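S.K.: Before I ask anything, here is the structure I am working with.
The values are calculated or read from the model by the stated rules, or taken from the named source; none is laboratory data. All figures in this text were calculated on a predicted structure; none of them were measured in a lab. For neighbour counting, all protein chains shown are included, and Cβ atoms are generated from backbone atoms with ideal geometry for every residue, glycine included. Surface areas here come from the heavy atoms of the whole protein model, side chains and all, with no ligands, DNA or RNA. Shrake-Rupley method; radii C 1.70, N 1.55, O 1.52, S 1.80 Å.
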Amino acid sequence: SPILQASDLQKVYGAGESRFHALRGVSLDIAEAETLAIVGPSGSGKSTLMHVLAALDRPDGGTVRFRDQDLGALTQRELDTLRNREFGFVFQQFHLDEGASVMENVAMPLMVGRIPRRDRREAVLQALEPLGLEGRIDERAGNLSGGQRQRVAIARAIVNRPRVLFADEPTGALDQENGEKVARLLFDLHEQYGLTLVMVTHSGELAERCGRQVSILDGRLSDPASTTMEGAR
Ligand code: ADP
Ligand code: ADP
């Protein structure tokens with residue numbers, strides 16, 4: 001069965017005059033260890049869909065299931081725990097604490113997890129290793145280049161060994177060379193750990209490297225044939 005299953009998702013922002021219907025009945029199955037790109041024009045609902053799938057935001061209608069568990073049935077605390085253990089996040093603007101060290105940034109998800117304090121540095125080193133940044137562990141995040149900062153953000157996203165990595169325009173703030181490096185690292189992590197990759201991207205090139213693309217327009221998936229498991233690689 002799919003690792004994530006969205007059915008008839010609705011999301012409405014605001015109220016009255018400013019009410020905006022951002023998701024209008026989105027259904028989508030995501031298979032374990034697949035790579036999925038969510039594409040579409042600006043404002044079409046890509047980030048909203050990703051946030052709802054990733055339990056960063058709750059839908060106003062419809063359901064999201066993770067391994068057959070209805071996320072809508074969980075308390076906020078249960079949801080936070082599940083997200084911390086099972087999901088990793090990478091955003092366009094890195095969202096690092098620039099004044100803190102690489103160690104402190106990457107260890108952030110471990111603070112609420114099961115890993116005892118004395119094992120944290122080792123866990124952080126393990127996350128940094130595939131990203132080629134072990135040597136920078138004690139550096140201030142703000143001293144690193146954009147490409148390096150995004151790699152630190154990826155290390156933070158994988159330090160808890162999640163099953164799904166959500167990436168919102170992961171290469172959007174990077175130049176060609178660093179964007180390519182980050183893209184390659186994401187697909188390497190997929191290959192190496194069987195991580196499920198769900199990414200939102202404007203880059204056709206990046207989307208084409210994913211096993212499957214779904215296209216969203218005005219809050220609806222525009223190609224229903226591509227939304228079921230049959231379309232998955
Ligand atoms: P995309 O990621 O495709 O650019 P988004 O999911 O960010 O699209 O946004 C979809 C629509 O919902 C846009 O019209 C956006 O302005 C609106 N929207 C997003 N977040 C909010 C919010 N917090 N409050 C009100 N409207 C929002
Ligand atoms: P972008 O604009 O690059 O798409 P946002 O700035 O909209 O990304 O961030 C999306 C949301 O995710 C925000 O509400 C933010 O607070 C939250 N967020 C940012 N970083 C993390 C993280 N590492 N883990 C969980 N949530 C995060």
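S.K.: With a 10 Å radius around each residue's Cβ, average the other Cβ atoms per peptide and rank 132-143, 9-20, 153-164, highest first.
M.R.: With the highest mean Cβ count within 10 Å placed first, the list reads 153-164, 132-143, 9-20.
S.K.: Sticking with this structure for a sec: Which value, in Å², gives the accessible area per residue of the range 57-135 when a 1.4 Å probe is used on the protein heavy atoms? List each step's numbers first, then the result.
M.R.: Values: 4410 Å² over 79 residues.
Accessible area per residue, the range 57-135: 56 Å².
S.K.: Now a separate question. Starting from the Cα gyration tensor of the range 23-103, multiply each eigenvalue by 5, take the square root, and state the resulting semi-axes largest first in whole Å.
M.R.: Values: eigenvalues 106, 69, 34 Å².
Computed over the range 23-103, the values are 23, 19, 13 Å.
S.K.: Provide the gained length on full extension for the span Asp119 to Glu78, in nm with one decimal, where the gain is 0.36 nm per separating residue minus the Cα-Cα distance.
M.R.: Once the chain is fully extended between Asp119 and Glu78, it gains 12.3 nm.
S.K.: Here's another thing I want to ask about it. Let's test the formula: R0 of 30 Å, r as the Cβ-Cβ distance of Gln192 and Ser27. What FRET efficiency results, to the nearest 0.05?
M.R.: It comes to 0.45.
S.K.: Still on this structure, I have one more. Using alpha carbons only, how many angstrom separate the centre of the range 191-215 from the centre of the range 88-149?
M.R.: When both Cα centres are located, 23 Å separates them.
S.K.: With the radius of gyration and the Kirkwood radius both derived from the Cα set of the range 102-233, what is their ratio Rg to Rh?
M.R.: Reported Rg/Rh (Cα atoms, Kirkwood Rh): 1.02.
S.K.: From the alpha carbon gyration tensor of the range 177-216, can you work out the equivalent ellipsoid semi-axes (sqrt of 5 times each eigenvalue) and give them in Å, largest to smallest?
M.R.: 17, 14, 7
S.K.: Take every DSSP beta bridge whose two residues both sit in the chain, then give the antiparallel share in percent to the nearest 5.
M.R.: On the way: 18 of 36 bridges.
Expressed as a percentage, antiparallel bridges in the chain total about 50.
S.K.: Based on the Cβ-Cβ distance of Ala15 and Asp97, what FRET efficiency does E = 1/(1 + (r/R0)^6) give at R0 = 35 Å, to the nearest 0.05?
M.R.: Given R0 = 35 Å and the Cβ-Cβ separation, E is 0.55.
S.K.: Carbon and sulfur atoms: what percent of the 1.4 Å accessible area of the range 1-101 do they account for?
M.R.: Reported share for carbon and sulfur atoms: 45 percent.
S.K.: In addition: Please compute the volume of the convex hull spanned by the alpha-carbon atoms of the chain and report it per residue in Å³.
M.R.: 129
S.K.: How are the C-alpha pair distances of the range 94-138 spread across 5 Å bins, as whole percents from the shortest bin up?
M.R.: With a bin width of 5 Å, the distribution comes to 5, 24, 32, 25, 13, 1.
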